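These notes concern the structure reproduced below.
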Amino acid sequence: MNISILQFKPTLGKIIDNFKLVDTLMKDDSIKSTDVVVLPELWSTGFYPKPVKDFADKCGYRTCNFLSELAIKNNVNIIGGTVIVEDDGNFYNRCFTFNRQGKIIAVYDKIHLFSMSKENNVFKAGHELPIFEIDGIKTSVVVCYDIRFPELIREAALSDIEILFIPAAWPLKRLDHWQILTKSRAIENQIFVVAANSAGYSSIIDPSGTILIEAKTDSKIVTVDVNFNIRTEIKDIMDILADCNKFQIKKEY
């Protein structure tokens, strides 16, 4: 499975410009042979313009129409990063995923909202992690700050996903955390991790923690052919999840 990350830093609040940039990137020759395209967090607005109500996509209609057309035109699955969505009077940091036919196959609202940026005061948190298939491969998606909560991703791993997608807008002043956490989530769950970060250092990591490709800070498209036999080989040697036992914390007396 060929997986491509579109790494770019969106211009804050410039929705039309950011849509045009994605449209241009999707015309790159490398996209013609890829199976999955992954966008970063809040790619259409940046993280995040205020007040968000002035930049929100009502129920995600504009975003969905745009990404659906791109999926059909390029015969590609799209992990649609996230966008600001207004839905039933609330605002969400929402990810839409499309298959090659341009149909929505998963919707995820970011569960862990970044309190340092007051994201939790603006957006409503999601409460459900999607498990879905892309070209027959079971997968899931979380967003940025979510990766600091390993129990969330372990739940997905216990559903036997093979790959985890992580759209993000992770600041490079905490780059070491980003690199350590993405590798850790891959190693401890024995899954592929595809981390698309708008600020840079997007990466695709195999279940042993090996970085298959890593971008730096420039806007670019990075692509890797993911061989899922690697995961099988690793699990044949040491199957961590098979040894994962439930336990109870001992109460103090």
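The values are calculated or read from the model by the stated rules, or taken from the named source; none is laboratory data. This is a predicted model, so every value here is computed, not measured. Glycine also receives a Cβ, built like all others from the backbone with ideal geometry; neighbour counts cover every protein chain displayed.
With respect to (1) more than 20 Å from the chain's Cα centre (by Cα); (2) of a type outside the set (A, V, I, L, M, F, W, C); (3) closer than 21 Å to residue 165 by Cα, the lone exception for residue 44 is condition (1). When segment 222-245 is limited to residues that are assigned to a loop (DSSP other than H, G, I, E, B) and not aromatic (Phe, Trp, Tyr), the one that is nearest to residue 9 (Cα to Cα) turns out to be 226.
Reported count of residues in segment 2-50, each being in a helix (DSSP H, G or I), in contact (Cβ under 8 Å) with a residue 24 or more places away in the chain and surrounded by fewer than 16 Cβ atoms within 10 Å (Cβ to Cβ), is 4.
Quick grid of which residues meet (1) surrounded by fewer than 19 Cβ atoms within 10 Å (Cβ to Cβ); (2) farther than 17 Å from residue 167 by Cβ; (3) out of contact with any helix residue (DSSP H, G or I) (no Cβ under 9 Å at 6 or more places or on another chain):
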| site | (1), (2), (3) |
| --- | --- |
| 195 | no, no, no |
| 200 | no, no, no |
| 209 | yes, yes, no |
| 212 | yes, yes, yes |
| 226 | no, yes, yes |
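For segment 88-118, the tally of residues that are surrounded by fewer than 20 Cβ atoms within 10 Å (Cβ to Cβ), of a type in the set (D, E, K, R) and in contact with a strand residue (DSSP E or B) (Cβ under 8 Å, 6 or more places away or on another chain) stands at 1. Taking each residue of segment 168-181 that is more than 18 Å from residue 6 (Cβ to Cβ) and in contact (Cβ under 8 Å) with a residue 12 or more places away in the chain and looking for partners that are of a type outside the set (Val, Ile, Thr) and part of a helix (DSSP H, G or I) with beta-carbon atoms closer than 7 Å, six or more apart or interchain, yields 181/148.
Screening the candidates 128, 151 for the property of being closer than 17 Å to residue 97 by Cβ, surrounded by fewer than 15 Cβ atoms within 10 Å (Cβ to Cβ) and either modelled with pLDDT of 95 or more or not aromatic (Phe, Trp, Tyr) (or both) yields one hit, 128.
With respect to residue 24, is the statement that it is under 17 Å from the mean Cα position of the chain (by Cα), of a type in the set (Ser, Thr, Tyr) and modelled with pLDDT of 95 or more true? It is false that residue 24 is under 17 Å from the mean Cα position of the chain (by Cα), of a type in the set (Ser, Thr, Tyr) and modelled with pLDDT of 95 or more.
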